[in-house]
Amino acid sequence: MRRELLRIDEAEPVSVHMGQHSGLVGNTHPSTRYTVTRELPRGAQARMMQAAAFSEHIGHPINTILTVNAAHLQRIGEGGVFGVGNLWDGLQELLQLIRKWVKARGIFWACIWVREWAPRGYEGQAGEHWHIAIHLPKCLHADFAKQVAEWTGEAVGAVAPSARVSAVSVGRAWHLGVRHGRGGPENIAAYFGKSEPATIKRYGRRIENPDKPRNRGRYRFGGSGPIEGKRFHICKTLGTTAQAR
């Protein structure tokens, strides 16, 4: 069931006692108990691209992208990981669920993810959203989409799959993209790294960021904004230690 967004002029103070696992509808400013950043650190895009290339090298390429408009689902009062109150805590819970689901089916765990922020979004879905890239065979996409619907509280929509998208939720709060939409693993990772600064300051001048491999076009800007907690991650199976081995 979809819910209408709560308008500011309709909001009223909440005076009832809330449990420790409850979330407030419209609470877009949770406590800042984690560090807040506005963009990816220098070198993040290169690290993700190296990990993505490694995933292909070992035969388990990241080829499926789950995008979740997390702030929107929290605003409209969805439960589960969006009722925790802090989206960083919620993301950690969701990642645990995804990892267990994938590994329970005997699939190698290969994952990189990034958190981004958008000033505007589809039908008011502005704020924080998540891009999670994993290795997932095409034959499991339909089952995985049904499970994502359970985790997010928003059902799979009646949109026919395409070369770019395998599944979309009814309110478009999440969608499951496939490899053909963003290119191969390295292109996926390059896109994930777009919120790394395009320029840096050196000797009082702004110059291009030499640590950002893809610094043109669609990879130059986007996704920057206030994010509380960890902003991106590469799983251990694709990390530098695994690559060195």
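Condition check ((1) touching a residue at least 12 places away in the same chain (Cβ under 8 Å); (2) in a loop (DSSP other than H, G, I, E, B); (3) under 23 Å from residue 54 (Cβ atoms); (4) in contact with a strand residue (DSSP E or B) (Cβ under 8 Å, 6 or more places away or on another chain)) across all residues:
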residue	(1), (2), (3), (4)
189	yes, no, yes, yes
195	yes, yes, yes, yes
206	no, no, no, yes
222	yes, yes, no, yes
230	yes, yes, yes, yes
When the residues of region 65-109 are narrowed to those that are of a type in the set (D, E, K, R) and open to solvent by 30 Å² or more (accessible area, probe 1.4 Å), which ends up nearest to residue 171 (Cα to Cα)? 75
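Look through 171, 177 and report the one residue that is open to solvent by less than 60 Å² (accessible area, probe 1.4 Å), under 13 Å from the mean Cα position of the chain (by Cα) and of a type outside the set (A, V, I, L, M, F, W, C).
After ruling out the rest, the residue left standing is 177.
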Could you tell me whether any residue of region 146-160 is within 21 Å of residue 228 (Cβ to Cβ), open to solvent by 30 Å² or more (accessible area, probe 1.4 Å) and of a type in the set (Gly, Ala, Ser)? no
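Results for (1) at pLDDT 95 or above; (2) open to solvent by less than 50 Å² (accessible area, probe 1.4 Å); (3) within 22 Å of the chain's Cα centre (by Cα), shown as yes or no for each residue.
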residue: 192; (1), (2), (3): yes, yes, yes
residue: 196; (1), (2), (3): yes, yes, yes
residue: 201; (1), (2), (3): no, no, no
residue: 204; (1), (2), (3): no, no, no
residue: 227; (1), (2), (3): yes, yes, yes
residue: 236; (1), (2), (3): yes, no, yes
residue: 240; (1), (2), (3): no, no, yes
Take residues that are at pLDDT 55 or above and charged (D, E, K, R) and tell me which of the helices (runs of 4 or more DSSP H) falling wholly in region 1-118 contain 2 or more. 44-57, 87-104
Testing residue 142 on (1) open to solvent by less than 40 Å² (accessible area, probe 1.4 Å); (2) under 26 Å from residue 90 (Cα atoms); (3) of a type in the set (Gly, Ala, Ser), one condition comes back false. Which one is that? (1)
Within region 116-139, considering residues that are in contact with a Cys (Cβ under 8 Å, 6 or more places away or on another chain) and either among the aliphatic types (A, V, I, L, M) or surrounded by fewer than 18 Cβ atoms within 10 Å (Cβ to Cβ) (or both), the one farthest from residue 73 (Cα to Cα): 134
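The values are calculated or read from the model by the stated rules, or taken from the named source; none is laboratory data. Computed from a prediction, not measured in an experiment: that's the story for all the values here. Virtual Cβ from ideal backbone geometry, glycine too; neighbours counted across all protein chains shown. When the accessible area is computed, the model is the full protein with side chains, heavy atoms only, and any ligands, DNA or RNA have been set aside. Shrake-Rupley method; radii C 1.70, N 1.55, O 1.52, S 1.80 Å.
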